[in-house]
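Everything below concerns the one structure shown next.
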Amino acid sequence: MVAETILTPNDLIAPLFVREGITEAQPISSLPGVVQHTLDSMRAEVKHLIDLGVPAVILFGVPEHKDAEGTGASDPDGIVQVALKDLRDAFGEDVVLIADLCLDEYTDHGHCGLLTPDGSVDNDATIDRYAEVAIAQAEAGVDIVAPSGMMDGQVAAIRDALDEEEFGDVAILAYAAKYASGLYGPFRDAVDVEIAGGGDRKAYQQDFRNAREALEEVRLDVAEGADMLMVKPAVTYLDVIARVRAEHDLPVAAYHVSGEYAMVKAAAANGWIDGDLVALEQLTAVKRAGADLVLTYFAREIAEALA
Ligand code: PBG
């Protein structure tokens, strides 16, 4: 009766991987229970999620071919565009379709942007590419684009491009405070990404020693026209979620990332913790800290448990 925070399926967004050129869903060993989907298996999964009351999914593509420009990200026949159309045809308005908007799944060097000849990420050339990806996703029927590359000016560039092409209704969920985290390892297995030369993303993602700097990043995204704000990862950054919540009235999302999921699964598989209990505890804590929405690989499991 006096519980302050109650997690419901309506708070959850399920991340889904869809892979080009496979005929059967492929398990991801570092994310037990999560798969790389075919279009068919993804459709079945989304149907199940809708029936459980999960309102939204966010799609990540695993293309057959990668190149320096990440061409597949904006190709109208690229895997995420094909998947968006397929889900829109199958489910109409019954599901909110979100697409991660980045290049790293599509580039052969694994960075979130285009590279200069010396191998560093070219911020301004990259945001032009992001605008192209946004248009391709909008033409395929996306409701919300979620730019995750942490390039400066990406939200404004995407907003301008969408408005110019009459996609004013497409919203932007900005990965506004995204940390250069050690917790993305299993995700990189899921999308077959290896950063060239053993590199990292510290030049564009946030330093985990900093919170004020992250708040400044969030303010910039709000000023550029973000419709929803995201903090990522989630449990390690509850303080950042709470501060973003206190300062902004836009919807706040938090991403309980692959490493956070994998740690719970691995400890539970060893019998060291009760995985279902810890998952519910962590996701409820993220909501308690101030998130309205939680992106989580536990979405189906938790929604089933709450049903
Ligand atoms: C970038 C992106 C990443 C994740 C979501 N979008 C990886 C990265 O920044 O390296 C990570 C999500 C997770 O770990 O679950 N496209």
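The values are calculated or read from the model by the stated rules, or taken from the named source; none is laboratory data. Remember, it's a predicted structure, so these values are computed and weren't measured experimentally. For neighbour counting, all protein chains shown are included, and Cβ atoms are generated from backbone atoms with ideal geometry for every residue, glycine included. SASA here: full protein model, heavy atoms, side chains in, ligands and nucleic acids out. Shrake-Rupley method; radii C 1.70, N 1.55, O 1.52, S 1.80 Å.
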>> Residue under question is Leu215, and the condition is that it be in contact (Cβ under 8 Å) with a residue 60 or more places away in the chain and either more than 16 Å from Ala146 (Cβ to Cβ) or among the hydrophobic types (A, V, I, L, M, F, W, C) (or both); does it hold?
In response: no
>> Here is a check on your reading of the model: is Arg159 part of a helix (DSSP H, G or I), buried (at least 16 other Cβ atoms within 10 Å of the Cβ) and touching a residue at least 60 places away in the same chain (Cβ under 8 Å)?
In response: yes
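Considering only residues that are assigned to a helix (DSSP H, G or I), open to solvent by 10 Å² or more (accessible area, probe 1.4 Å) and under 23 Å from Asp227 (Cα atoms), which ones fall in segment 272-297?
Once the filter is applied, which keeps residues that are assigned to a helix (DSSP H, G or I), open to solvent by 10 Å² or more (accessible area, probe 1.4 Å) and under 23 Å from Asp227 (Cα atoms), segment 272-297 yields Lys287, Arg288, Ala289.
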>> Condition check: touching a Ser or Thr at 6+ places or on another chain (Cβ under 8 Å) and either open to solvent by 50 Å² or more (accessible area, probe 1.4 Å) or among the aliphatic types (A, V, I, L, M) (or both). Does Leu7 satisfy that?
In response: yes
> Is it true that some residue in segment 92-99 is in a helix (DSSP H, G or I), away from the ligand (no atom under 16 Å from the Cβ), of a type outside the set (Val, Ile, Thr) and buried (at least 16 other Cβ atoms within 10 Å of the Cβ)?
Replying inline: no
> Can you name the residue in segment 56-73 that is more than 17 Å from the chain's Cα centre (by Cα) and not in a helix (DSSP H, G or I) and is also nearest to the ligand (Cβ to nearest atom) among such residues?
Replying inline: Gly70
>> So in segment 128-156, with the set limited to residues that are in a helix (DSSP H, G or I) and in contact with a Pro (Cβ under 9 Å, 6 or more places away or on another chain), which one is most open to solvent (accessible area, probe 1.4 Å)?
In response: Glu139
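Yes/no matrix, rows are residues, columns are (1) open to solvent by less than 10 Å² (accessible area, probe 1.4 Å); (2) under 20 Å from Ala161 (Cα atoms); (3) basic (Lys, Arg); (4) at pLDDT 95 or above:
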residue: Glu64; (1), (2), (3), (4): no, no, no, yes
residue: Thr71; (1), (2), (3), (4): no, yes, no, yes
residue: Ala83; (1), (2), (3), (4): yes, no, no, yes
residue: Leu101; (1), (2), (3), (4): yes, yes, no, yes
residue: Asp118; (1), (2), (3), (4): no, no, no, no
> Of these, Val80, Val46, which one is within 16 Å of the ligand (Cβ to nearest atom), of a type in the set (Val, Ile, Thr) and outside any loop (DSSP other than H, G, I, E, B)?
Replying inline: Val80
> With respect to the numbered conditions (1) buried (at least 22 other Cβ atoms within 10 Å of the Cβ); (2) in contact (Cβ under 8 Å) with a residue 60 or more places away in the chain, which one is the sole condition not fulfilled by Gly110?
Replying inline: (1)
> Which of (1) in contact with a Phe, Trp or Tyr (Cβ under 8 Å, 6 or more places away or on another chain); (2) open to solvent by less than 10 Å² (accessible area, probe 1.4 Å); (3) outside any helix (DSSP H, G or I); (4) over 14 Å from Cys112 (Cα atoms) is the odd one out, the single condition Phe208 does not satisfy?
Replying inline: (2)
> Does segment 245-253 contain at least one residue that is open to solvent by 10 Å² or more (accessible area, probe 1.4 Å), without any contact (Cβ under 8 Å) to a residue 12 or more places away in the chain and either more than 27 Å from Val191 (Cβ to Cβ) or among the aromatic types (Phe, Trp, Tyr) (or both)?
Replying inline: yes
> Condition test on Pro32, is it within 15 Å of the ligand (Cβ to nearest atom), in a loop (DSSP other than H, G, I, E, B) and open to solvent by 50 Å² or more (accessible area, probe 1.4 Å)?
Replying inline: yes
> Identify, please: which residue in segment 255-271 is open to solvent by less than 40 Å² (accessible area, probe 1.4 Å) and farther than 12 Å from Gly185 by Cβ and is, among those, nearest to the ligand (Cβ to nearest atom)?
Replying inline: Tyr255
>> With the requirement that a residue be within 18 Å of Leu173 (Cα to Cα), within 11 Å of the ligand (Cβ to nearest atom) and charged (D, E, K, R), what does segment 183-240 give you?
In response: Lys232
> Glu166 fails exactly one of the following numbered conditions: (1) away from the ligand (no atom under 16 Å from the Cβ); (2) touching an Asp or Glu at 6+ places or on another chain (Cβ under 8 Å). What is the number of that condition?
Replying inline: (2)
